[in-house]
Amino acid sequence: MSIMSNVFAQLVGQAPLLLVYVVGMVVALSYLPRHHRPAMMTLIATGALLAVSILQAFLVQYVIQSNSSGMGSPGLGGMLSIVGLASSLIRAAATGLIIAAVFTGRTAPAGAVAS
């Protein structure tokens, strides 16, 4: 199988999440004029999640294809671990950005007592 067919197979399995990321980006764009900061944070985060999902699929297949040139199992495992760790760090940062966006720009309701 070629790299592209393997990547396509991986992305098909991720299709529901990829769709959520795209919808999140569209919703964030629609809220951008009214709630600029949280919408921008959401747009950046969902864009990063979409990009890392697609990029990781390509990188994993590239690393596996490169292994056919004789990298060996330890080298393959190490490279795949690096790709996985980098992807996980980006996903963690993007998720943190979404959580921050939820609470950005909130004001206390009228009559609320500060704690």
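So, in segment 90-115, exactly how many residues are of a type in the set (D, E, K, R) and either assigned to a helix (DSSP H, G or I) or surrounded by 10 or more Cβ atoms within 10 Å (Cβ to Cβ) (or both)? Spell out how you get there, then give the answer.
Let us first name the residues in segment 90-115 that are of a type in the set (D, E, K, R), namely 91, 106.
Still in the list and also either assigned to a helix (DSSP H, G or I) or surrounded by 10 or more Cβ atoms within 10 Å (Cβ to Cβ) (or both): 91.
Residues that pass the stated criteria total 1.
Mind checking which residues of segment 1-59 are among the small types (Gly, Ala, Ser) and either touching a Gly at 6+ places or on another chain (Cβ under 6 Å) or more than 19 Å from Ser88 (Cα to Cα) (or both)? Even if it seems obvious, please write down each step before you answer.
Going through segment 1-59, the residues among the small types (Gly, Ala, Ser) turn out to be 2, 5, 9, 13, 15, 24, 28, 30, 39, 45, 47-48, 51, 53, 57.
Listed by number, the residues that qualify are Ser2, Ser5, Ala9, Gly24, Ala28, Ser30, Ala39.
Looking at segment 1-38, which of the residues that are more than 25 Å from Gln61 (Cβ to Cβ) and in contact (Cβ under 8 Å) with a residue 40 or more places away in the chain is surrounded by the most Cβ atoms within 10 Å (Cβ to Cβ)?
Pro38
Under the condition of being part of a helix (DSSP H, G or I) and farther than 17 Å from Phe58 by Cα, which residue from segment 68-82 is modelled with the highest pLDDT? Spell out the reasoning first.
The first filter runs over segment 68-82 and keeps only residues part of a helix (DSSP H, G or I), leaving 73-82.
With the extra rule that they be farther than 17 Å from Phe58 by Cα, the set shrinks to 73-75.
Working: Ser73: 68, Pro74: 73, Gly75: 79.
Among them, the one singled out is Gly75.
Does any residue in segment 84-107 that is more than 12 Å from Thr46 (Cα to Cα) come within less than 8 Å, Cβ to Cβ, of a residue that is not in a helix (DSSP H, G or I) six or more places away or on a different chain, and which pairs are these?
Partner pairs satisfying both residue conditions: Gly105/His35.
When residues of segment 41-58 are filtered for being closer than 13 Å to Leu11 by Cβ and not hydroxyl-bearing (Ser, Thr, Tyr), how many remain?
8
The values are calculated or read from the model by the stated rules, or taken from the named source; none is laboratory data. None of these values were measured; they are calculated from a predicted model. Glycine also receives a Cβ, built like all others from the backbone with ideal geometry; neighbour counts cover every protein chain displayed.
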